Structure formats: C-alpha cells, structure tokens
Amino acid sequence: MTETFVQRLSGIHAATVVPMRADFSMDEDALAAHIGAVTRVKGIRGLLINGHAGENFVLSLAEKRRVVEIARTVAPKDCLLVSGVNHESSLEAAREAAEMAAAGADGLLVFPPNSWALGHADACTLMHHKMIADATALPLMLYGAPVGAGAMSYSSEVLSRLIDDPRFVAIKDGSWEVAAYEENLRLIQSRRPGFAVLGSGDEHLLTSYVIGSAGSQVSLAAVVPELVVALWDAAAAGDWARARQVHEQLYPLSVAIYRDAPGGRATARLKTCLKLLGRLGNDVVRPPQPSCDARENAALSAALRAAGVEVPVAA
C-alpha cells in the first residue's frame, strides 16, 4: 500500500546545507556528495532542502531549483523531498513554489517572510499562504517560527485559520519553546487530528518526542544523522533510558550550534562541523554571514567529541 505524503513525514528528515566555493558560488558537486552521504544513513526518511540551513534567503530562484534537481537525482527514490519556499514577496514566493514543484519536490514548506518579525496584519499571512497554495498542486506544510522571532511566530488564532485550509497538511514546529510546542500540538490535534506536527526544535527533540511528534525535519541530522535517528528510534520504541542517553550526547552539540551567542549562526556552524569532520572542503557561507572564528571552531570541535563523533586530529 502506497504511503501518503503525511505518512512519509514520519521519522527523521535532514535539513541539508548548500556548500559554497571560495567565490560564494554554489558547489554542485559538493552538494551532491553531501546529500548522498546523508541519505545513505539508515533511518533518514527524507530531506528538507532550501530551508534555513540551506541559506534559502540568499539563493536565487535558479539556484533553489538546482538544489531540488540535484537532490532528486542523488537521493534514493523513496526519499521524501520537501523544499522550502521563502521570499518577502508573495508573488515571488508563488513563482518559487511552482518552480520547486516542476523541479521534482514532493512537497513544500512555506516559511514566513523575515520582515514579518517587525509586525504585520493577519490578512498578510493568510494571503501569502493562499497565493502559494494557488500556484501548485503539491502538499503544503506550515512553518512554526521560534517564539523569539516576533510576529513571525503565528498566534493561535492565525494558526487555526491556516490549518483550516485543507491544502496544508503538516507543520514543521520550530517554536523552540516547549510550552509553545505543546500548545500548538494540542490546538492542531483538536481541530485537525490527521494534521502532522513535526517537533523540529533541535535543542528539545527529546521533549517533543515525549509530548508527541510525527517526525522531525532538523539540520542536526545533516551533521550527526546516526545520533538523531537513534534518538527517534529509542523514543518510538518507548526506550526512554536510551533516548535520554542519546539526548545527553546531542545536547552540547545542539547548544554550540544553535544557542551560543551570537544568534543567527546555525548555518555557519553546521558547515564548520561538516568541515571539521572532513565532509566539506570549506565552511564558506554567503555574506553577510562570516565563517566561524577560532572560538566557534574550538567549541564545535569539543561538542562533536562530546557527542562521541570522531574528529580528525587536524581539527
């Protein structure tokens, strides 16, 4: 029996990065190698491409399409490919949605424009999502932004109206706050029981799994996929002692990547981790983000070792 899109969202889905050359151009060969390495790990059920970890806010439409095309070529046929859609303009976001569908994505994750953090009318949110839905026939996902992201984080009223649209079938909940995650989960389950809620705050995956989660789309799984899969498998089996053990391994790494000041450095740090592990040739990110400094390198190297990952001596 063929699984539905929602059923295929179960388990761990890695949010991948986009390797860059020294001149900041996209390195397609390195991208293919990165995607191939991640998807070969047993238990990785799919990918989130063109997400925040994939620098979707600084890629051109043509580059985003190439990311989908490369992923479609490299990933196994049964690997679910969800592409992010992220643009300040609703018109351009709708165009992007159509392009990602044509390139071979299985579904789309709609990110709120960054400008919404400063405040916006509820009607803006609803119009933006409707225009994207009208542009494609693919299954659609919502993005639950961190509670610290201001008005990008949807209120209960707006979330209720968004999930009433049958075109949207799931949410990547990155609220990054346990109480908000549970509130959103309970709201959604009460209104649409079949709607998939993916606990995807990398720092509190264990807590999300205790409360309940259909799966996760997380960038941590692009660096230590085996550990993130092990956490999911232990939770799914109700082996909470094992889940806690894996969480203890992951915790220092998640803090070093996502929490340590300054903020907004996750993508750069993910790339540095992959470089330290010998999986990327460099950790170039597009301006205005700089690559990691010596302090970040040392912290990430220590966190990887604490996670039990072998880091080459040169790192």
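Return a yes/no flag: does region 166-177 have any residue that is at pLDDT 95 or above, open to solvent by 30 Å² or more (accessible area, probe 1.4 Å), farther than 22 Å from Val82 by Cα and of a type in the set (Lys, Arg). No, there is no match, as no residue in region 166-177 is at pLDDT 95 or above, open to solvent by 30 Å² or more (accessible area, probe 1.4 Å), farther than 22 Å from Val82 by Cα and of a type in the set (Lys, Arg).
What strands (runs of 3 or more DSSP E) completely inside region 25-143 contain at least 3 residues that are over 19 Å from Gly215 (Cα atoms) and free of Cβ contacts under 8 Å to residues at least 60 places away in the same chain?
none
Residues that are at pLDDT 95 or above, more than 16 Å from the chain's Cα centre (by Cα), among the polar types (S, T, N, Q) and open to solvent by less than 40 Å² (accessible area, probe 1.4 Å) are absent from region 74-83. For region 246-293, a tally of residues being open to solvent by less than 50 Å² (accessible area, probe 1.4 Å), outside any helix (DSSP H, G or I), among the charged types (D, E, K, R) and closer than 15 Å to Ala30 by Cβ returns 2.
Can you work out which of the residues in region 1-34 that are open to solvent by less than 30 Å² (accessible area, probe 1.4 Å) and among the β-branched types (Val, Ile, Thr) is farthest from Gly278 (Cα to Cα)? The residue in question is Ile12. Applying the criterion of being out of contact with any Gly (no Cβ under 9 Å at 6 or more places or on another chain) and more than 16 Å from Arg72 (Cα to Cα) to the residues of region 35-49, the residue that is surrounded by the fewest Cβ atoms within 10 Å (Cβ to Cβ) is Lys42. Within region 196-212, the presence of at least one residue that is on the phi > 0 side of the Ramachandran plot, out of contact with any Pro (no Cβ under 6 Å at 6 or more places or on another chain) and in contact (Cβ under 8 Å) with a residue 12 or more places away in the chain is confirmed. Residue-level check: of (1) within 22 Å of Ala98 (Cα to Cα); (2) more than 16 Å from the chain's Cα centre (by Cα); (3) open to solvent by 50 Å² or more (accessible area, probe 1.4 Å), His52 misses just (2).
Specify which of the listed residues (Glu69, Glu63) is under 28 Å from Cys124 (Cβ atoms) and among the charged types (D, E, K, R).
Being under 28 Å from Cys124 (Cβ atoms) and among the charged types (D, E, K, R) holds for just one of Glu69, Glu63, which is Glu63.
In the set Val210, Val218, Val223, only one residue is among the β-branched types (Val, Ile, Thr) and either open to solvent by 10 Å² or more (accessible area, probe 1.4 Å) or over 23 Å from Met26 (Cα atoms) (or both); that residue is Val210. In the condition set (1) surrounded by fewer than 21 Cβ atoms within 10 Å (Cβ to Cβ); (2) of a type outside the set (Ser, Thr, Tyr); (3) out of contact with any helix residue (DSSP H, G or I) (no Cβ under 6 Å at 6 or more places or on another chain), Lys64 is compliant with all but (1).
The set of residues from region 201-226 being at pLDDT 95 or above and not in a helix (DSSP H, G or I) comprises Gly212, Ser213, Ala214, Gly215, Ser216, Gln217, Val218, Val223, Val224. For Pro113, the stated conditions hold: it is surrounded by fewer than 21 Cβ atoms within 10 Å (Cβ to Cβ) and under 17 Å from the mean Cα position of the chain (by Cα). On the stretch given as region 1-24, residues that are within 22 Å of Leu231 (Cα to Cα), β-branched (Val, Ile, Thr) and in a loop (DSSP other than H, G, I, E, B) total 2.
The values are calculated or read from the model by the stated rules, or taken from the named source; none is laboratory data. These figures come from a predicted structure and were not determined experimentally. Here Cβ is always computed from backbone atoms with ideal geometry, including for glycine, and neighbour counts include all displayed protein chains. Each accessible area value is taken on the protein alone, full model and side chains, heavy atoms only, with ligands, DNA and RNA left out. Shrake-Rupley method; radii C 1.70, N 1.55, O 1.52, S 1.80 Å.
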